Each structure stands twice: as structure tokens, then as C-alpha cells.
Amino acid sequence: MSDRTKIHPLTSTRFIAAFLILLAHSAGPAPFGFGFSTMTSFILGSAGVAFFFVLSGFILTYTYGTLATVTDARNFWAARFSRIWPTHALTFLMCVALLPKEQWGLGASPVLPGLANITLTHAFVPVPEFYFSFNAPSWTISTEAGFYLLYPLAALALARRAWLPVAGGIAAIILMIALTLGLGLPPFSGETAHSVTSHGMISVHPLTRFFEFACGMFAARIWMSRPQPQLSAVGFTALELGTLVAVIASVVGFQHLAAALEAQGLPDAVTLWVHFGSSAIPFALLIYVLACARGRIARVLSVPFFVVLGEVSFAMYMLHQVVLRVMVDRGLQAPAEFIWPAFALFVVFIVGLSYAVWVVVERPARRTLNQLLRREPARALPRAGAGDNDQPALQR
């Protein structure tokens, strides 16, 4: 695989998205206690996750294209499982080893949630004690696993009509909202941790979040099939800045819209989707522009240091909350006058630990598992995508 075929700016953006989620989860009250508002945490966390989902659709479409045979599909699933499961299994074991049993999940018994978690199916069960079990951020890679199951059919649909996966994603949103309203499902709370919730159906389930993945697929199809805009480096930089401003305005604006709709008494099923999944199109546009790699922002993101940060971002995403929970369990609290220096040290530690996991666990385990699970005859290796990882998650 040639480095010339990798989309380096997209690799680096994964670190930025992962950092936003880390910042949201570190907000407090312990061990750092930044004092962020609920709205700020929503903006940081939901933006990072939604960006990952859109980016995943883009990268998988660019990397794998259409899977022509059953063997191609099986090898795709083997590659994806090999990519995300080793680090997931490691953080699962870290939760078991480092946290008391009562912190493994929200239920009295961790057995069934644990089985769902280790098999990456916990986001398929819209019950908080399942999808938030053990390493809670891992719900996103379970949601991604749902995308992977759907990808072979979605890629065939994309090859016929580029808009079909997006239309399917919209139909899934309507269906899931209708089901949630029809069943009268309650919102997530401490009292509903053992029940099917609107949060689990709308914010977590792969079918509802597939729209974001499909937007990434559509953007990749357009990017690969049409000539890039004929702009100078200055023009592309202006385009990068414009799409970045549009993304920020969209994320912030939709969060405030969701809060306003909630205040007006609209159903939780509607406002949740506005909170978590409504900025997919601006994200897809930003990814498209950065993938062209012709503006100043893309050039900065192509610097090797940032690319390596992007490569280790999956491990950082998977590790950060486990470490935060261990710190809280051990009673560690940053002094009020040193919150930001302490947080900076925490980030350095997490990045260093993530790099070690990437080198020692992720890459060797991926190669080994992929060799064991692949079936022959297999077609030629796919094009290299945006580094080793396309998300929370996240490539070959």
C-alpha cells in the first residue's frame, strides 16, 4: 500500500474528534471539574461521535468500494472485526481488572450485558444497562459494527444510485422515531436503566445512526467520481474555512434548536435525533473538502506528527474513559488552581498509552486476526484509506 493513496488530512481529523469526546468526558465534576455546561458537553461529545460516523462511511467506501462476492463481504467483515475488536477486548478486560464489579454496568448482573459487550452487539439492544456496560464509549463501535453488517448491501445500492443509502438512512430514522413514539418509550434516566429507552433507539441504535454513515458514503462516491473543484490553494483554504464555520454553526445551532424544541414539549424521540445526528451533511461536506488535500488546513493536517496522532486516536478514544473512571475510583482530584496543567498531563499520558497500545496490541492483533479469518480466493488488497482507523471507532 502506497502512502500516496492515503488521505492524510482525514487521518489527523480523527484525533481532533477523539479529543473533543475526551474533553467532554473529562469535564467533571471529577477528576478535573472544568464546569462545562450540559450544552457544551453535548456539543463536544455529539459532534465528535457524529463526525466519526460520517468519516467511517467515507473511508470504507473509498477503501473497499463495492463488494462483488460473498467472499469479498466475508473478508470485509473479517478485516473490520480484526481492526476494532482487539482494543475493545483490551479495554473490556481493563474494566474488569481495575474497576469494582458494581461499576461494570448499570444492572445488578453483568453477565448478559457482558456477553453482548464482548461480542460488539450491545448497541443493538436499546437498554442502557447493555449499551453503557463496561467501557461505556464502546457503544459507538458496536453501532459501527451494525454499519459494517449493512455495508455490503449499502455499497451495492450506492453503485446503482448514489442517493439510495441516504434515502434508506432517512427511512430508518422515520421508522425508529415512529416505533419509539408508538411504544411510548421513556427517556434515559436512573429509573429506566433496565428498560428500552428512546435514547437507546434514537441515539445509539445502528439503524437510526446509519444516516450519518450513509452521508459519508455519498460524499465519497461524489469525491471519487467527479473532478475536484478547480481552485487555487488560497481558494481551497477559503473553502476549508467556510465549511468549518458551517460545521460549527450547524452543531451549535442544532443543539440550541433541540433544546428549544424540548422546551416546547416535543417528544424526546425527535429532539434526541436533532441533538445527536442532525449535522451529518455539513460534516460530509467538510470531509469532502479536506479529502481534496489542497488547502492550507489540509496541508497542516498532513504533517506526520498529526497523522500519527490520528493513527492512535482509536486507542485514545477507547482508553480515556477507563482511565478517568479509575482515577475517580481511586479518589484522584486535580487541585482547583492546577486543573488545566493536570489535564494537559492527563492528555500526554493518554496519548503515550494509546501509542503503546497501537504498536503492541492494535497492529499485531489486527494482522493476526485478519490472516486467521480471511477466506480465499480474495481479491486484491483495497486502496489504503485515511490511515489505519476510520473512527470510534474505526478501518482495515
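Readers should treat all values here as calculations from the given coordinates under stated rules, not as data from a laboratory. Please read all numbers here as calculations on a predicted model, not as lab measurements. Quick reminder, even Gly has a Cβ in these numbers, built from the backbone with ideal geometry, and neighbours come from all protein chains shown.
The figures follow:
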| quantity | calculated |
| --- | --- |
| Sorted peptide list for 15-25, 150-160, 65-75, criterion being average Cβ within 10 angstrom, highest first | 15-25, 150-160, 65-75 |
| Calculated over the range 3-373: convex hull of Cα atoms, volume per residue (Å³) | 149 Å³ |
| Burial order of peptide ranges 200-210, 115-125 (average beta-carbon count within 10 Å, highest first) | 200-210, 115-125 |
| For the range 1-55, average projected area of the Cα convex hull in nm² | 4.6 nm² |
| Peptides ranked, highest mean first, by Cβ atoms within 10 Å: ranges 53-60, 238-245 | 53-60, 238-245 |
